[in-house]
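The values are calculated or read from the model by the stated rules, or taken from the named source; none is laboratory data. Remember, predicted model here, so these are calculated numbers, not experimental data. We place every Cβ from the backbone using ideal geometry, glycine too, and count neighbours over all the protein chains shown. What goes into the accessible areas is simple: the full protein's heavy atoms, side chains included, and nothing from ligands, DNA or RNA. Shrake-Rupley method; radii C 1.70, N 1.55, O 1.52, S 1.80 Å.
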Amino acid sequence: MARRRRAGAMGTSIFPCLFAILLTRCSPAGCAGGGDSASHSTASTTDKPILLDNIPDAEAFISGAEVAVIGFFQDAQSPGAEQFRRAAGQVAEVPFGLSSSAAVLSHYGAAENTVVLFRTVDNDRRDLDMSSGEVDAKKLIRFVRMNELRLVTEYNPVTAVGVMQSSLILNLLLITDKMSPKHPERIRKFRAAAELYKGKILFILLDSNLQSNERVLLYFQLKKSHLPALAIFHTPDDEHEVVAVDDISIERVQDFCNSFLQRMSKKEDKSEEKPPNEEL
């Protein structure tokens, strides 16, 4: 089964619709503790946060993880820095670094008493001002959970915020049952395919086993008997395509993505070829 829809077919953009669906079940603030991504690195909290005294160390720290958080504090013993340390100890899978180096702050254009989350999937960052003293460890953890995006991000009320704010305008959903015995192999292949499109397409996992996602299946006109399925879409104009697949393979994902990319490229070329309207 393959299904293609043109822009405006439902009169609304996909992500705001999915976001609204999720918010009817749980708010980002209320669900912040359960925001697990589809793939996480493992980092020990024993030596967190890591002190970053120079630019090369900071660059290596950021490039070595899908998601990295750095606290820029002039005074490493300030109340804000203490809250930062508490948060670091509670988020095992995200590396936290701390820097008081003026050179490092200047290199990243970071203000003092600011926490910055760096993510490699879309080469983007999110900044959180800690100078007011109103941000504690709990709020800082929520900030991280709401903005962490990985090669494969599981869509839920927490990650929905980061997904909607991503600079990537092409998104690929794997809609599947995480309880299936085939899930570990499916997600392994899906993640391998995501490596090939880093910085181009945001790969998202949506668990069909969750009741909160049933309306998402309806949105894509999918039944559970159609799953697993892939849905790719271009967020600016809601152009998208859905296909049910017998199983996931790297080649199948590549073919699906490349076909859509080629179609979008041809559409853009035709748009550029149209002569401008003449004013009467």
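Return the total of residues in the range 247-267 being within 25 Å of Lys182 (Cβ to Cβ) and either touching a helix residue (DSSP H, G or I) at 6+ places or on another chain (Cβ under 9 Å) or open to solvent by less than 30 Å² (accessible area, probe 1.4 Å) (or both). Residues that pass the stated criteria total 11.
Residue by residue, here is whether (1) more than 28 Å from Leu202 (Cα to Cα); (2) modelled with pLDDT of 95 or more; (3) part of a loop (DSSP other than H, G, I, E, B) holds:
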| site | (1), (2), (3) |
| --- | --- |
| Ile70 | no, yes, no |
| Ala76 | yes, no, yes |
| Gln83 | yes, yes, no |
| Arg86 | yes, yes, no |
| Leu98 | yes, yes, no |
| Ser106 | yes, yes, no |
| Val135 | yes, no, yes |
| Ile141 | no, yes, no |
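Can you say whether Ile21 is among the hydrophobic types (A, V, I, L, M, F, W, C), modelled with pLDDT of 95 or more and farther than 19 Å from Arg126 by Cβ, as far as the supplied structure shows? So Ile21 fails the test.
Considering Leu217, Leu149, Leu202, the condition of being touching a residue at least 40 places away in the same chain (Cβ under 8 Å) and over 29 Å from Val94 (Cα atoms) is satisfied by Leu217 alone. Summed over the range 161-186, the residues that are hydrophobic (A, V, I, L, M, F, W, C), over 22 Å from Leu218 (Cβ atoms) and open to solvent by 30 Å² or more (accessible area, probe 1.4 Å) give a count of 1. Of all residues in the range 58-86, those being touching a residue at least 24 places away in the same chain (Cβ under 8 Å) and under 26 Å from the mean Cα position of the chain (by Cα) number 17.
Of everything listed in (1) farther than 15 Å from Leu149 by Cα; (2) of a type in the set (A, V, I, L, M); (3) in contact with a helix residue (DSSP H, G or I) (Cβ under 9 Å, 6 or more places away or on another chain); (4) modelled with pLDDT of 95 or more, the single unmet condition for Leu117 is (1).
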